[in-house]
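Novice: Starting off with a structure, shown below.
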Amino acid sequence: MFVRDCMTPDPIYGHPDMAVTEAQDLMLSKGIRHLPIVIDKTNLVGLVTRTSLRSALPSDVSRFSRFEVSYTLSKIKVHSVMVKDVVTIEPGTPIEAAAHVMATKKIGTLPVVQEDKLVGIISDSDLFSTMTSLLGANNPGIRVTVQQPDQSGVIARLTSVIAEAGGYLSVCVGYYSKVNPEDWVSLCKVQNIEENRLVEVINGIENTTILDIRQFQEKE
């Protein structure tokens, strides 16, 4: 899965000379937290966030009336408050690389650029949606978490015995155990098999432990 599969294409954008109040109104009306700032419709030059908008307010807002605050903001242009050193990403970047950049940089969004042109935007909300999809949050079945040694072929043995017993794997993802870093934990969503039969076939695999198993029904 790549950034292009999860991003919002042709995102809403603003321009550097728009008033801060105009940017606020646009973000509020569209329900967005980040507004790319472009020139010539596609050339990215900055990014407005809720944090950068707050920086435009007087340091002691309580001293001013609502009218004075609105008037002050209407005179400030976006280019004065936007983030200019914008971290971007390309549409062909793997989704996990985008998540790593956002986590490392502690940012909530990445404008997506191709040949220096804005083509999309991806946010932490998009990543959460992708994660729920990858984990099969909307798929019914038996959710089973299995711990095995981190060795060649262990995942193949696990999926093979489930398939041979008639089970259908709709999800299978894995991660290293925090308790035992030398072990690999697989989280699987299995359909078309009874729970007791699934437990039986998994327990028949050498050095394999079921950490958790439960029925998972699709939410209506």
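The values are calculated or read from the model by the stated rules, or taken from the named source; none is laboratory data. A quick note: this is a predicted structure, and the numbers were derived from the prediction, not measured. All Cβ positions, even for glycine, are placed from backbone atoms using ideal geometry, and neighbour counts span all protein chains on display. With ligands, DNA and RNA removed, areas are computed over all heavy atoms of the protein, side chains included. Shrake-Rupley method; radii C 1.70, N 1.55, O 1.52, S 1.80 Å.
Novice: Go through segment 95-154 and give me each residue that's at pLDDT 90 or above, surrounded by 14 or more Cβ atoms within 10 Å (Cβ to Cβ) and assigned to a loop (DSSP other than H, G, I, E, B).
Specialist: Result: 107, 108, 150.
Novice: Exactly one condition in (1) under 28 Å from the mean Cα position of the chain (by Cα); (2) open to solvent by 50 Å² or more (accessible area, probe 1.4 Å) is not met by residue 203; state its number.
Specialist: (1)
Novice: Going by the structure shown, is residue 186 open to solvent by less than 80 Å² (accessible area, probe 1.4 Å), modelled with pLDDT under 90 and within 26 Å of the chain's Cα centre (by Cα)?
Specialist: No: the conditions fail for residue 186.
Novice: Just need a number here: residues in segment 40-70 that are part of a loop (DSSP other than H, G, I, E, B), surrounded by 11 or more Cβ atoms within 10 Å (Cβ to Cβ) and either at pLDDT 85 or above or among the aromatic types (Phe, Trp, Tyr) (or both).
Specialist: The total comes to 2.
Novice: Tell me which residues, restricted to segment 72-94, are touching a strand residue (DSSP E or B) at 6+ places or on another chain (Cβ under 8 Å) and in a helix (DSSP H, G or I).
Specialist: 73, 74, 75, 78, 79
Novice: Oh, and also: Considering each of 171, 144, 154 in turn, give the residue that is among the aliphatic types (A, V, I, L, M) and more than 10 Å from residue 190 (Cα to Cα).
Specialist: 154
Novice: May I ask you to list pairs of residues, at least six apart or on different chains, whose Cβ atoms are under 8 Å apart, with the first in segment 121-141 being in contact (Cβ under 8 Å) with a residue 24 or more places away in the chain and the second being in a loop (DSSP other than H, G, I, E, B) and surrounded by fewer than 14 Cβ atoms within 10 Å (Cβ to Cβ)?
Specialist: Listed pairs, sorted by first residue: 130/1; 134/1; 138/218; 138/219; 139/218; 140/217; 140/218.
Novice: Would you check which residues across segment 2-31 are in contact with a helix residue (DSSP H, G or I) (Cβ under 8 Å, 6 or more places away or on another chain), over 19 Å from residue 115 (Cβ atoms) and part of a loop (DSSP other than H, G, I, E, B) and list them?
Specialist: 12, 15, 16, 17, 18
Novice: Shifting gears a bit: If you go through segment 198-211 one residue at a time, how many are at pLDDT below 95 and among the charged types (D, E, K, R)?
Specialist: 1
Novice: Additional query: Do you know which residues across segment 71-85 are modelled with pLDDT of 70 or more and surrounded by fewer than 14 Cβ atoms within 10 Å (Cβ to Cβ)?
Specialist: Correct list: 74, 75, 80, 84, 85.
Novice: Let me ask another. Taking the condition open to solvent by less than 70 Å² (accessible area, probe 1.4 Å) and at positive phi, does residue 174 pass?
Specialist: Considered against the rule, which asks whether it is open to solvent by less than 70 Å² (accessible area, probe 1.4 Å) and at positive phi, residue 174 comes out as no.
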